[in-house]
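Taking it in order: structure first as structure tokens, then the write-up.
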Amino acid sequence: MKRRRTLDVIKKTFKDFSVNTSIHCMKYVVDDECSFWEKVFWAAVLCCVSWAALSLAVLHLKRYSQEPTWSTIITEHAPVNIIPFPAVTICNTNRILESKIDSFISKLELEDGEEEFLKKALPQLIGFIRSVKYNTTSLIRMKKILDRNDYLHTDLILRKIGQTCKEMLIQCEWNGELTKCLDIFEESYTLDGLCCSYNYYGSRFSFKPNYTAYTGWKSGLTVTINPMLQKVHHSSTYATGVKVTIHNSLEFPGFETTSKVVSAGHTFMFQIAGTKLINSQDVKDLTIDQRQCVYAAERPLEHHNYYYISNCMAELHAKNFEDVCGCVPFYYAFSTKPKCNITKIPCIQRYRKDYGKALNHMACPARCESILYRVYTAYSSLNNVSLALSEENERKVPVKSGIRVNIFFIGTHTLLSRTVYTSPLQLLSSIGGIYGLYLGCSFITILEIIYYCTLRFLVNLGWLGRTRMRDKGKWNHCSREFQTDRKGKEIHVIKWNVNSLYSHEY
């Protein structure tokens, strides 16, 4: 009996809610004057519109959680000097010069047979940069010879047998004015070994990148290069010439950068269009998982002052090298861990094969505010006119083997703004609008549901303020209507159901 009474109260409360709620169709489902098939029809309509409203609400929530931001173009004609000129890193693809090997060996104190041995063994140092055939016994012997001559560090050896910046950079121009190459370029460490970089902060902690207000091929950076071609080629990229990398001034060259191998006897134009991405305050208020990017302050690095994907990946690779090999390659000069010697080449090769491509890139999320450089290239054959050397430098490089590189902005830049697709308040308004359109719901509907599920249910159950019965007979509930006459006086009209068995006191 108690269970049956509870079920009757639940049915009565549900009927009261259906009759009085603002939700569409509900009153028709419980209306006694509607036929069975009419109730089925309105129940089906209610289910369909509820499903449609729920689907749209879930779609909005999914869009808000997975892709909460979008980017808009503020202008495609931003001033040229709104972004810094990119860093330019130039590497000779021929990492070891045969002529310099002979000069290097001649200055060593060697025993019988060691000179010929070193001529054959030194090219194995390319193994620090790319996969090569090596002989472990040969590497151990070479290390002993070099250690005996106080060449304990790989980068020091490669400086002796590779091309220096002074030898490679013949003539430099910045915005059409001649300048000394060594005043604007510095030696840098990259994944290709020792290279020469312009406008790159490198190991400098107080650094300000260069800007330019000019566009066109007569502006920007122009460099004439002597790649010092030779018959025997110990290349890091299976190509001859130089590798030119365009990257941000504050990021390690080698990851997430644009590179191009420039062959000898050609002039190359690197035409650059810049894009700057900024964010609204609403984007900053999102979590990292929502915006899928980080700000520099949110992801401090151990060895770099500025967070960029390349800097993060370089540190991550250095840490993994240390875990696998117990040391780091020489080109991760920022690391304070021991540098790998020659005998670690097999381990470096093994790491590059087994672990290098399996690195979790999610460990280095994108930077929220960034500068992107889109690079377009064009080239032509080199001649005395296009080489355009000064009298002082015209004999330093042959036309057939020379290279001229011109890097410049092609026009104004693009400025992008990233903002939230919708704020929490807009999301609430959208979902409220969906349910209001399909079901007629509002904030009051939520209060109605709470009221009928709690207070009204308890009242009907008799636990809170149950109306006293006048007698033991059964009476139905009466309804009171309020009307006003023409003079504004309130008239109480009580409608009694003649078939009622209940009465209420007023």
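Which one of these is over 30 Å from Arg350 (Cβ atoms) and over 30 Å from the mean Cα position of the chain (by Cα): Lys119, Lys39?
Details: Lys119 fails: over 30 Å from Arg350 (Cβ atoms).
The unique qualifying residue is Lys39.
Matching residues to (1) surrounded by 15 or more Cβ atoms within 10 Å (Cβ to Cβ); (2) polar (S, T, N, Q); (3) assigned by TED's automatic domain parsing to the domain that holds Thr454:
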| position | (1), (2), (3) |
| --- | --- |
| Thr6 | no, yes, yes |
| Lys11 | no, no, yes |
| Asp16 | yes, no, yes |
| Lys27 | yes, no, yes |
| Asp32 | no, no, yes |
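Rundown of residues vs (1) under 20 Å from the mean Cα position of the chain (by Cα); (2) not in a loop (DSSP other than H, G, I, E, B), yes/no style:
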residue	(1), (2)
Lys243	no, yes
Ile246	yes, yes
Glu251	yes, no
Lys319	no, yes
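Annotation note: Cβ proximity below 6 Å between a residue of the stretch 64-78 that is polar (S, T, N, Q) and a residue that is in a strand (DSSP E or B) and surrounded by 12 or more Cβ atoms within 10 Å (Cβ to Cβ) (sequence gap 6+ or interchain) occurs for Thr69/Arg418; Thr69/Val420; Ser71/Leu416; Ser71/Arg418; Thr72/Ser417; Thr75/Leu415. Scanning the stretch 81-101 for residues that are farther than 30 Å from Ile410 by Cα and in a loop (DSSP other than H, G, I, E, B) turns up just one, Leu97.
Quick check on my filter: what residues within the stretch 105-117 are surrounded by fewer than 18 Cβ atoms within 10 Å (Cβ to Cβ) and either touching a residue at least 12 places away in the same chain (Cβ under 8 Å) or in a loop (DSSP other than H, G, I, E, B) (or both)? Steps first, please.
Start the filter on the stretch 105-117 by keeping residues that are surrounded by fewer than 18 Cβ atoms within 10 Å (Cβ to Cβ), which leaves 106-113, 115-117.
Selection gives Lys107, Leu108, Glu109, Leu110, Glu111, Asp112, Gly113, Phe117.
Taking Pro79 as the residue in question, decide whether it is surrounded by 16 or more Cβ atoms within 10 Å (Cβ to Cβ), closer than 30 Å to Arg418 by Cβ and assigned by TED's automatic domain parsing to the domain that holds Gly216.
Working: surrounded by 16 or more Cβ atoms within 10 Å (Cβ to Cβ): no; closer than 30 Å to Arg418 by Cβ: yes; assigned by TED's automatic domain parsing to the domain that holds Gly216: yes.
Here the answer is no, as Pro79 does not meet what is asked.
Considering only residues that are part of a strand (DSSP E or B) and of a type in the set (A, V, I, L, M, F, W, C), which ones fall in the stretch 260-304? Spell out how you get there, then give the answer.
Here is the first cut: in the stretch 260-304, the ones part of a strand (DSSP E or B) are 260-262, 266-279, 294.
Of everything in the stretch 260-304, those that are part of a strand (DSSP E or B) and of a type in the set (A, V, I, L, M, F, W, C) turn out to be Val261, Val262, Phe268, Met269, Phe270, Ile272, Ala273, Leu277, Ile278, Val294.
Does any residue of the stretch 257-267 turn out to be hydrophobic (A, V, I, L, M, F, W, C), over 29 Å from Asp150 (Cβ atoms) and surrounded by 18 or more Cβ atoms within 10 Å (Cβ to Cβ)? The answer is yes, given that some residue of the stretch 257-267 is hydrophobic (A, V, I, L, M, F, W, C), over 29 Å from Asp150 (Cβ atoms) and surrounded by 18 or more Cβ atoms within 10 Å (Cβ to Cβ).
When you check Thr336 against the structure, is it under 30 Å from Leu389 (Cβ atoms) and either over 16 Å from the mean Cα position of the chain (by Cα) or of a type in the set (Gly, Ala, Ser) (or both), yes or no? Don't jump to the end; show me each part of the working.
Working: under 30 Å from Leu389 (Cβ atoms): no; either over 16 Å from the mean Cα position of the chain (by Cα) or of a type in the set (Gly, Ala, Ser) (or both): yes.
Considered against the rule, which asks whether it is under 30 Å from Leu389 (Cβ atoms) and either over 16 Å from the mean Cα position of the chain (by Cα) or of a type in the set (Gly, Ala, Ser) (or both), Thr336 comes out as no.
Filtered by the rule that a residue be at pLDDT 90 or above, closer than 18 Å to Arg352 by Cα and over 33 Å from the mean Cα position of the chain (by Cα), the stretch 127-147 gives Asn135, Thr136.
Among the residues in the stretch 276-288, are any of a type in the set (S, T, N, Q) and buried (at least 17 other Cβ atoms within 10 Å of the Cβ)?
The first filter runs over the stretch 276-288 and keeps only residues of a type in the set (S, T, N, Q), leaving 279-281, 287.
Those still in the list that are buried (at least 17 other Cβ atoms within 10 Å of the Cβ) too: 279.
Yes, there is a match, as at least one residue in the stretch 276-288 is of a type in the set (S, T, N, Q) and buried (at least 17 other Cβ atoms within 10 Å of the Cβ).
None of Gln230, Gln171 is surrounded by 17 or more Cβ atoms within 10 Å (Cβ to Cβ) and among the polar types (S, T, N, Q) except Gln171.
The values are calculated or read from the model by the stated rules, or taken from the named source; none is laboratory data. Bear in mind the structure is a predicted one, so any value in this text is a computation, not a measurement. Quick reminder, even Gly has a Cβ in these numbers, built from the backbone with ideal geometry, and neighbours come from all protein chains shown.
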